[in-house]
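The structure appears below as structure tokens.
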Amino acid sequence: MSSVTGSSVTGSPVTGSPVSGPGSSAGSAAPASRVPQGATGGAAPSGEPGRPRLRPLRIMPAPRHRPPVIADTEWWPETDGDDPRYVQGALAVDFDSLTDEQLFGARPTRRDDLPDPREWAGHIAQALVEVMAGSRPAPQLLRWTVPEVYAVVARRAAVSARRAAGEGRRGAPAPGRAVVRSVRLCEPADGVAEASAVVVDGGRVRALAFRLVGLDGRWRVEALQVG
């Protein structure tokens, strides 16, 4: 038989005075009635700490990070080509823009950022006549000439090399070294210099005229005329 202690139901007899009901004889213990659990309003038993009520777990589906796939059978409204809201799915091409050569080619250089053209004209004139005579490799002028001038100089150098090879087989003496005797120069514009040189090539005197332009911080031969 269980008894009530405080507000909770225990399985041990009541300590202290027994509970007696009306009509019961003195000294006889009346049977204790069972109190339903939680009938006291959910209060925690005396001497025990309060415990929070647990909530049931809810299982949620994992979120989808990818957008839904559009089915081929999905209907799309047809649009008229004259609709002003229609935008063609292509990039606009500007054919009037600058060319690659103008954007990434050699950039002009001002006269103040270039070396003295008079001294430079004498050095480049001597290098030109030596290359065309076959006594200097043509690639040494690649940095100091534009492609058109370099093609002309390299072609004359190849002709001179073949002529020297034929004369060597015949036992003819090698021609003398060409020497620049004098140089005259004028500057018609900023970053532009025109020069003429007198060259002694063996037993002959020849004339050399060329134009220098400032490109990428250095003088380069833009035009060449050999007399």
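The values are calculated or read from the model by the stated rules, or taken from the named source; none is laboratory data. Remember, predicted model here, so these are calculated numbers, not experimental data. FYI the Cβ positions are ideal-geometry reconstructions off the backbone, even for glycines, and counts take in every protein chain you see. Side chains included, ligands, DNA and RNA excluded: accessible areas come from the protein's heavy atoms. Shrake-Rupley method; radii C 1.70, N 1.55, O 1.52, S 1.80 Å.
Brief remarks on what is shown
- Inverse of mean 1/r across different Cα pairs in the range 111-227, Kirkwood, Å: 14.8 Å
- Efficiency of FRET from Cβ geometry, Ser97 and Arg118, R₀ 45 Å, rounded to 0.05: 0.70
- For Gly191, the amide hydrogen comes within under 5 Å of the amide hydrogens of Arg111, counting only partners 5 or more places away or on other chains and with H modelled in the peptide plane.
- Carbon + sulfur, % of accessible area of the range 131-227 - ligands and nucleic acids excluded, 1.4 Å: 54 percent
- Label-to-label distance, Leu57 versus Arg218, with points set 7 angstrom from Cα along the beta-carbon direction: 7.7 nm.
- Between Arg66 and Ala106, residue separation times 0.36 nm minus the direct Cα-Cα distance comes to 9.4 nm.
- The simple Förster model, with R0 at 25 Å and r as the Cβ-Cβ distance, assigns Val179 and Gln140 a FRET efficiency of 0.90.
- If you take all other residues with their beta carbon under 10 Å from the beta carbon of Thr109, and give Lys and Arg +1 and Asp and Glu -1, the sum is +1.
- Amide H contacts under 5 Å for Ala223, placed H, 5+ residues apart: Arg211
- Spin-label model, Ala189 to Ala161: label points 7 Å out along the Cα-to-beta-carbon direction sit 3.5 nm apart.
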